[in-house]
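This report refers to the structure that appears directly beneath it.
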Amino acid sequence: MKEFMVANVLIAGAGQLGSRNLQGLSRYSKPLSIWVYDVSEESLTRAGERWAECAVRPHAVTYITDLKLIPATLDAAIVATNANVRLQVVESIGRLAKVRYWLLEKVLAQEVGDLYAIARATAEANGAWVNTPMHLWPLYQEVLNRFRRGAPIHASSVRFRGLACNAIHYIDLVSRWNNASIRSINTDGLRNQWVPSKRPGFYEAEGRLIVSFSDGSTLLLEGDEQANDYSVSLQGDDDVWVIDEAGANASSAGGQKIEAGILRQSDLIGPMLDELFKTGTCGLPTLTDSIAQHVPLLTALLQHWNANMPGRLDYAPIT
């Protein structure tokens, strides 16, 4: 992209993540023309308030409730909607505009078939990536650098909220360590009763999920919607690290300590967009790689729902 050109960027979905993306773009150094789309006027108003909180706002921002108002060419489309409408929104954007780069939020979709439909809808772009960025956080990079590359790791994240919708973050973190594929997902430890999510119409799973990978790595996830004592650990050859994400530090059983940052979405999006426009790629997993992670996760969760909850579904009701 030539330096004098103003890039067109769309943020589709002006909720929590969408508005944080918007705030992050306030720190992008080159001029942007930003379109923020949502069907909810209330969400757009809230996003506008968050934009107004930014100290520097060098870009033109347009808030819209109709995708037909987007420009015919988009340098980047950031899709931060709920999972149940992601495909519909991606297809609509693709019909209305030529998109260079896609950045898609997780969970990508609620149905396996929709995952492949999203791939088809974004195929003509220069690239598409999914926002599971934990491996980019300096804290996890520092911890993982203590482990022997190629050797399996054993990770656990316990007593956290949002198991079904956040599992993909940890799956991606462990999978990318040795570029390992998912071998199996065991849902036997999940509680039979799913619980309503804070977002109406969606549900969350509680209990234990165990993921096994092709390199021998394992991941234990334990969700509890009432928990407040979230804990993460990573085990390598002969040491175990306990990670305190809130405190941005980690300590090992062997007595080592690390202080390094975690990155919020508002920290990530500016540098990520800059990298995309300069190199044509970014550090997130590609859509193809993320679909390979999403397929076994959605399949396992849907099978568990249909085995335990009333009313058989053909989609996993997560966001």
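The values are calculated or read from the model by the stated rules, or taken from the named source; none is laboratory data. Given the structure is predicted, the values throughout are model-derived calculations rather than measurements. Methodologically, a virtual Cβ is constructed for each residue, glycine included, from the backbone with ideal geometry; neighbour enumeration extends over all protein chains shown.
In the stretch 60-73, what count of residues is obtained for those that are in a helix (DSSP H, G or I) and surrounded by 19 or more Cβ atoms within 10 Å (Cβ to Cβ)? First the steps, then the outcome.
Within the stretch 60-73, the first condition is being in a helix (DSSP H, G or I), and the residues that meet it are 67-69.
Subset that is surrounded by 19 or more Cβ atoms within 10 Å (Cβ to Cβ): none.
Count: 0.
If you check GLY201 against the conditions, is it out of contact with any strand residue (DSSP E or B) (no Cβ under 6 Å at 6 or more places or on another chain), more than 24 Å from SER252 (Cβ to Cβ) and in the same structural domain as SER252 (by TED's automatic domain parsing)?
Against the criterion (out of contact with any strand residue (DSSP E or B) (no Cβ under 6 Å at 6 or more places or on another chain), more than 24 Å from SER252 (Cβ to Cβ) and in the same structural domain as SER252 (by TED's automatic domain parsing)), GLY201 qualifies.
I need a count of the residues in the stretch 202-233 that are touching a Leu at 6+ places or on another chain (Cβ under 6 Å), under 21 Å from ASN179 (Cα atoms) and surrounded by fewer than 20 Cβ atoms within 10 Å (Cβ to Cβ).
Pass one, the stretch 202-233, residues touching a Leu at 6+ places or on another chain (Cβ under 6 Å): 205, 207, 209-211, 221, 223.
Filter once more, so that each one left must be under 21 Å from ASN179 (Cα atoms): 209-211, 221.
Okay, now just the ones that are also surrounded by fewer than 20 Cβ atoms within 10 Å (Cβ to Cβ), so 210.
Here the count works out to 1.
Every residue, every condition in (1) in a helix (DSSP H, G or I); (2) surrounded by fewer than 20 Cβ atoms within 10 Å (Cβ to Cβ), yes or no:
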residue	(1), (2)
LEU10	no, no
VAL39	no, yes
ARG46	yes, yes
ALA55	no, yes
PRO58	no, yes
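Return the residues of the stretch 184-228 that are part of a loop (DSSP other than H, G, I, E, B), of a type in the set (Gly, Ala, Ser) and closer than 15 Å to LEU298 by Cα; say none if nothing qualifies. Before you say what the answer is, go through the steps one by one.
Taking the stretch 184-228 as the starting set, the residues that turn out to be part of a loop (DSSP other than H, G, I, E, B) are 187-189, 191-194, 197-202, 205-206, 214-217, 224-228.
Checking which are of a type in the set (Gly, Ala, Ser) leaves us with 189, 197, 201, 205, 214, 216-217, 227.
Correct list: ALA205 only.
Which of the following residues is farther than 17 Å from PRO133 by Cα, in contact with a helix residue (DSSP H, G or I) (Cβ under 9 Å, 6 or more places away or on another chain) and either of a type outside the set (Phe, Trp, Tyr) or in contact (Cβ under 8 Å) with a residue 40 or more places away in the chain (or both): ILE243, ILE318?
Numbers: ILE243 fails: farther than 17 Å from PRO133 by Cα.
Every option except ILE318 fails the conditions.
Would you check if ALA167 is assigned to a helix (DSSP H, G or I) and not aromatic (Phe, Trp, Tyr)? Talk me through it step by step, then tell me what you get.
Numbers: assigned to a helix (DSSP H, G or I): yes; not aromatic (Phe, Trp, Tyr): yes.
Yes, satisfied.
Just to be sure I understand, how many residues within the stretch 271-309 are without any contact (Cβ under 8 Å) to a residue 24 or more places away in the chain, among the hydroxyl-bearing types (Ser, Thr, Tyr) and closer than 28 Å to GLU206 by Cβ?
Within the stretch 271-309, residues that are without any contact (Cβ under 8 Å) to a residue 24 or more places away in the chain, among the hydroxyl-bearing types (Ser, Thr, Tyr) and closer than 28 Å to GLU206 by Cβ number 0.
Name the single residue, out of those in the stretch 81-106 being basic (Lys, Arg) and assigned to a strand (DSSP E or B), that is nearest to PHE277 (Cα to Cα). Steps first, answer last, please.
Of the residues in the stretch 81-106, the ones basic (Lys, Arg) are 86, 95, 98, 100, 106.
From what's left, assigned to a strand (DSSP E or B): 98, 100.
Details: LYS98: 16, ARG100: 10 Å.
Within the stretch 81-106, the match that is nearest to PHE277 (Cα to Cα) is ARG100.
What tally of residues in the stretch 251-297 results from selecting those that are outside any loop (DSSP other than H, G, I, E, B), of a type in the set (Val, Ile, Thr) and surrounded by fewer than 16 Cβ atoms within 10 Å (Cβ to Cβ)?
4
Give the residue, chosen from THR279, THR218, that is more than 18 Å from the chain's Cα centre (by Cα), polar (S, T, N, Q), at negative phi and not assigned by TED's automatic domain parsing to the domain that holds GLN141.
Numbers: THR218 fails: not assigned by TED's automatic domain parsing to the domain that holds GLN141.
Step by step, each of THR279, THR218 is checked, and only THR279 is more than 18 Å from the chain's Cα centre (by Cα), polar (S, T, N, Q), at negative phi and not assigned by TED's automatic domain parsing to the domain that holds GLN141.
Hey, among the residues in the stretch 112-152 that are in contact with a helix residue (DSSP H, G or I) (Cβ under 7 Å, 6 or more places away or on another chain) and part of a loop (DSSP other than H, G, I, E, B), which one's farthest from SER181 (Cα to Cα)?
Within the stretch 112-152, the match that is farthest from SER181 (Cα to Cα) is THR122.
Quick check on LEU139: is it at pLDDT 95 or above and not assigned by TED's automatic domain parsing to the domain that holds ASN178? Spell out the reasoning first.
Working: at pLDDT 95 or above: yes; not assigned by TED's automatic domain parsing to the domain that holds ASN178: no.
Judged against the criteria, LEU139 is not a match.
Got a sec? Which of VAL112, VAL143 is of a type outside the set (D, E, K, R), within 23 Å of LEU220 (Cβ to Cβ) and over 16 Å from the mean Cα position of the chain (by Cα)?
Details: VAL112 fails: within 23 Å of LEU220 (Cβ to Cβ).
Going through VAL112, VAL143 in turn, the sole match is VAL143.
Determine if the stretch 218-241 includes at least one residue that is touching a strand residue (DSSP E or B) at 6+ places or on another chain (Cβ under 7 Å), aromatic (Phe, Trp, Tyr) and within 29 Å of PHE147 (Cβ to Cβ). Break it down stepwise before answering.
Pass one, the stretch 218-241, residues touching a strand residue (DSSP E or B) at 6+ places or on another chain (Cβ under 7 Å): 218-225, 227, 229-235, 239-241.
Next, only the ones that are aromatic (Phe, Trp, Tyr) stay: 230, 241.
Now drop any that are not within 29 Å of PHE147 (Cβ to Cβ), which leaves 230, 241.
Looking for residues that are touching a strand residue (DSSP E or B) at 6+ places or on another chain (Cβ under 7 Å), aromatic (Phe, Trp, Tyr) and within 29 Å of PHE147 (Cβ to Cβ), one finds at least one in the stretch 218-241, hence yes.
Which one of SER181, SER197 is over 19 Å from GLU105 (Cβ atoms) and either crowded, with 18+ Cβ neighbours inside 10 Å or modelled with pLDDT of 95 or more (or both)? Steps first, please.
Values: SER197 fails: over 19 Å from GLU105 (Cβ atoms).
None of the other options fit; the residue is SER181.
Filter the stretch 298-313 down to residues that are assigned to a loop (DSSP other than H, G, I, E, B) and in contact with a helix residue (DSSP H, G or I) (Cβ under 8 Å, 6 or more places away or on another chain) and give me whichever is surrounded by the fewest Cβ atoms within 10 Å (Cβ to Cβ). Lay out the reasoning, then the answer.
Going residue by residue through the stretch 298-313, those that are assigned to a loop (DSSP other than H, G, I, E, B) are 309-313.
Narrowing the set further to residues that are in contact with a helix residue (DSSP H, G or I) (Cβ under 8 Å, 6 or more places away or on another chain) leaves 312-313.
Values: ARG312: 9, LEU313: 13.
Per the stated criteria, the residue is ARG312.
Within the group ALA76, ALA109, which residue is touching a strand residue (DSSP E or B) at 6+ places or on another chain (Cβ under 7 Å), crowded, with 22+ Cβ neighbours inside 10 Å and either part of a helix (DSSP H, G or I) or touching a residue at least 40 places away in the same chain (Cβ under 8 Å) (or both)?
ALA76
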